[in-house]
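Data block below; observations after.
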Ligand code: SF4
């Protein structure tokens, strides 16, 4: 549609506002209540223009074809000045002290301190929250913060209260901010145009660097503001392709750890039982000498390495190359083994490639989302918020989860299946899709295989039996199947609640069955199957071949042609036998087959299951090298500790949960003599007499792209120029494939494969002795081993772990909020305070493993998925016993 703005003609899409048209024309129309990320409100009346002769607020006036708009003349300027003058007359003059959109507008209009006539001594300031403060006397009631919290974050923690000129924002019911439902995403402070809501004051930054968040696998684009080589603030990039100006409390605020006084700054060598500082020359000579001796005495397979899902792709590429080309073993694995290896195996078997099938953007058009085994608003908060946004738009939501998570509380149907019942439940839904005509028979005939075998398995599993296994009623199952079956654009999103089970791969396959039956994958309409990968670069660590059986780009170690490609490029033969998986490494360390373990950026002593066994393996192993940013639980036990850089100090790339390569850029220099993992690995290779053949991260990715057809078109230079790229990206001109399989599945037959998998009981079941099922997972404000977040004010928001217990179970034990209980499994015990909550079902309990004082993985079992060795973190049989005096619940303030 064409309209005239200030005498020129502009073309804007139908449905645009007059404000959009004026901006398209390059006119500078001021606004206060407007934010492009939010619905227009039209409350401040500052964006006045004349449209077809009438003075209107441009943000809420629809543009019409042929409209004539004028944006500036004396009358408009007078009106704007009057409106702004009335807005600020009740504000105190200190509103001018901090630069804001309001102060910029006042300067433009020539409104100085004399126009601010409000009386306020600042005594109403609420600074109860560690990251956000509210000065209600600076509020102009534009409602941007409220809309940000409602529309983008979906938390509804803020509201406008009062009448007329006394209207102002408040958090929760008007009490202290920290006691409200705020999840600390910081969106309100980012959008507030006056400084009424603000983040702690910092020094003025002199440099801003764009990078990718190093916490979870969402891959938010962040702007890191620095001064004098220190991070002063982090803000989300409004143009960020995944996060679109949004972030969570970790990415947005938890950066203080980077300058923590206890960062590792020098190598440490264990001498006479103690870790003592050493120079890099000493440490490298020591590492090379001992690795060289172990290799010559016991062979290369006596050495193993665990790569890091926190490190960059380039560093993961280097570590697997170091092990294969310099040490001469395939003993390299990464922590996807203990989280999403069932996704890689399950999705590859079903569809062909080891990643999710659809991009994040497809959630925006989904009219139905089936969310399974994911507490997305805590573990992947920006995706969780996007799902909330979809629900607010009208999308239907089915949640499969034993816990009543925030999203489960919002769902149309919550299938609260018992832990370990996923396969039965997904098979039950498959049966309902087929029985009720909700399956897409044309799609199945044209593009899928395996229907007969699946039907055979389903015949053996009547819904009554599913009900018995899962505890979910048939009517609820039917309601869920109907919502998924009848939706036009159904999407499946899932998390570790599907994979971290003794039959995790079967869980992924039977969940993928639903998308296949419905014809909702590999099509323009379908939302596919999207795994929420755990750590920031767990997808990339596997993509780069930090796996014992797979080379970069999922090429097989056992395939002669694949192996030859790497052998020729690297100039050394790649060993033909697959190496050890992480749990097998621990066994081999205890049995004396592995004499050296190289751990890059993983705290295996805290995060791997059955940690008593893991610690014993570390202690019994001749040489353990830990490359870390802090003296983690693993580093404390190691023989050599090499100080590494954090993600804020690195150059490279990550791959996020939807297979998107994203750039990581250094924002500050590493402390002391800490080095990037890239530099350390290059030095270790050189000390071993090898040459990794690449000098920079850009060269490493270039080499990987030459050898792995899936990434052939990806390079730092292209990512810098174009932004993120989905793989497969097979050439420099390939835009990358966000939505996969439109032209056929990547399986050998080109057809997607239904899986016929019967339900099998979990590895560990409750008994009279251990009657409670413990589920483990994450909390919003902390991350994984908590090494980073516990060194930031996030620790004020949650200073300690508590076990979530249903009030009925707590009453039976006679324990109140905060009372300590001893939790005992077949492997060990710990003491922790109780949190009474109906989010957890009776007979179940929930713990995270962010705090070393509560070593949750002392309890978890060695039971693991038969196909991938992914541990059964989600089902541990425990008993609880009240002990001692109450432990304070803690919390900020
Ligand atoms: Fe970082 Fe994940 Fe939070 Fe985004 S959602 S800011 S990637 S932790």
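The values are calculated or read from the model by the stated rules, or taken from the named source; none is laboratory data. The model shown is predicted, which means the values in this text are computed figures rather than measured ones. Note that each Cβ is placed from the backbone with ideal geometry, even for glycine, and that neighbours are counted across all protein chains shown.
Mind checking whether some residue in the stretch 339-362 is free of Cβ contacts under 8 Å to residues at least 40 places away in the same chain, within 16 Å of the ligand (Cβ to nearest atom) and in a helix (DSSP H, G or I)? No, every residue in the stretch 339-362 fails to be free of Cβ contacts under 8 Å to residues at least 40 places away in the same chain, within 16 Å of the ligand (Cβ to nearest atom) and in a helix (DSSP H, G or I). Scanning the stretch 763-775 turns up one or more residues that are within 22 Å of the chain's Cα centre (by Cα) and under 18 Å from residue 495 (Cβ atoms).
Among the residues of the stretch 633-649, write down those that are in a loop (DSSP other than H, G, I, E, B) and in contact with a strand residue (DSSP E or B) (Cβ under 6 Å, 6 or more places away or on another chain).
Narrowing the stretch 633-649 to residues in a loop (DSSP other than H, G, I, E, B): 638-639, 645-646.
Once the filter is applied, which keeps residues that are in a loop (DSSP other than H, G, I, E, B) and in contact with a strand residue (DSSP E or B) (Cβ under 6 Å, 6 or more places away or on another chain), the stretch 633-649 yields 638, 639.
Filtering 142, 185 for residues that are part of a loop (DSSP other than H, G, I, E, B), out of contact with any strand residue (DSSP E or B) (no Cβ under 6 Å at 6 or more places or on another chain) and within 16 Å of the ligand (Cβ to nearest atom) leaves a single hit, 185. Taking every residue in the stretch 215-226 that is over 18 Å from residue 376 (Cα atoms) and free of Cβ contacts under 8 Å to residues at least 40 places away in the same chain and pairing it with any residue that is assigned to a loop (DSSP other than H, G, I, E, B) and near the ligand (Cβ under 7 Å from one of its atoms), at least 6 positions away or on another chain, the pairs with Cβ-Cβ distances below 7 Å are 222/213; 222/247. Only residues that are over 19 Å from residue 154 (Cβ atoms), more than 9 Å from the ligand (Cβ to nearest atom) and in a loop (DSSP other than H, G, I, E, B): list them for the stretch 239-262, please. 239, 241, 255, 260, 261, 262, listed by residue number. In this structure, residue 630 does not satisfy being more than 20 Å from residue 332 (Cβ to Cβ), within 16 Å of the ligand (Cβ to nearest atom) and either touching a helix residue (DSSP H, G or I) at 6+ places or on another chain (Cβ under 6 Å) or not in a helix (DSSP H, G or I) (or both). Residue 323 fulfils the conditions (1) part of a loop (DSSP other than H, G, I, E, B); (2) away from the ligand (no atom under 16 Å from the Cβ) except for a single criterion, (1).
With the condition being under 18 Å from residue 398 (Cβ atoms) and out of contact with any strand residue (DSSP E or B) (no Cβ under 6 Å at 6 or more places or on another chain), I'd like the helices (runs of 4 or more DSSP H) fully within the stretch 432-481 carrying at least 3 qualifying residues.
Counting at least 3 such residues, we get 463-470.
For the stretch 314-328, the criterion of a residue being in contact (Cβ under 8 Å) with a residue 60 or more places away in the chain, within 30 Å of residue 393 (Cα to Cα) and surrounded by fewer than 19 Cβ atoms within 10 Å (Cβ to Cβ) is satisfied by no position. Restricted to the stretch 613-624, and to residues there that are touching a residue at least 24 places away in the same chain (Cβ under 8 Å) and in contact with a helix residue (DSSP H, G or I) (Cβ under 6 Å, 6 or more places away or on another chain), the residue that is surrounded by the fewest Cβ atoms within 10 Å (Cβ to Cβ) is 620. Checking each residue in the stretch 1-39 for being farther than 26 Å from residue 109 by Cβ and either without any contact (Cβ under 8 Å) to a residue 12 or more places away in the chain or part of a loop (DSSP other than H, G, I, E, B) (or both) picks out 1, 9, 12, 13, 14, 15, 16, 39. Number of residues in the stretch 691-714 that are out of contact with any strand residue (DSSP E or B) (no Cβ under 9 Å at 6 or more places or on another chain), surrounded by 19 or more Cβ atoms within 10 Å (Cβ to Cβ) and not in a helix (DSSP H, G or I): the value is 3.
When the stretch 767-778 is limited to residues that are part of a loop (DSSP other than H, G, I, E, B) and modelled with pLDDT of 95 or more, the one that is surrounded by the most Cβ atoms within 10 Å (Cβ to Cβ) turns out to be 770. Of everything in the stretch 527-586 that is modelled with pLDDT of 95 or more and part of a strand (DSSP E or B), the residue that is surrounded by the most Cβ atoms within 10 Å (Cβ to Cβ) is 531. Note on the stretch 370-386: residues that are in a helix (DSSP H, G or I) and either within 9 Å of the ligand (Cβ to nearest atom) or at pLDDT below 95 (or both) amount to 6. Got at least one residue in the stretch 831-849 being under 24 Å from residue 615 (Cβ atoms), assigned to a strand (DSSP E or B), free of Cβ contacts under 8 Å to residues at least 40 places away in the same chain and in contact with a helix residue (DSSP H, G or I) (Cβ under 9 Å, 6 or more places away or on another chain)? Within the stretch 831-849 (the criterion being under 24 Å from residue 615 (Cβ atoms), assigned to a strand (DSSP E or B), free of Cβ contacts under 8 Å to residues at least 40 places away in the same chain and in contact with a helix residue (DSSP H, G or I) (Cβ under 9 Å, 6 or more places away or on another chain)), the answer is no, since none of the residues qualifies.
Only one entry in 839, 800, 864 is in contact with a strand residue (DSSP E or B) (Cβ under 8 Å, 6 or more places away or on another chain) and crowded, with 21+ Cβ neighbours inside 10 Å, namely 864. Within the stretch 387-415, if we keep just the residues that are within 16 Å of the ligand (Cβ to nearest atom) and free of Cβ contacts under 8 Å to residues at least 40 places away in the same chain, the residue that is nearest to residue 659 (Cα to Cα) turns out to be 407.
Suppose we filter 666, 697, 671 for residues that are within 18 Å of residue 626 (Cα to Cα), modelled with pLDDT of 95 or more and more than 16 Å from the ligand (Cβ to nearest atom); which single one remains?
On the way: 666 fails: within 18 Å of residue 626 (Cα to Cα); 697 fails: within 18 Å of residue 626 (Cα to Cα).
Just one listed residue meets the conditions, 671.
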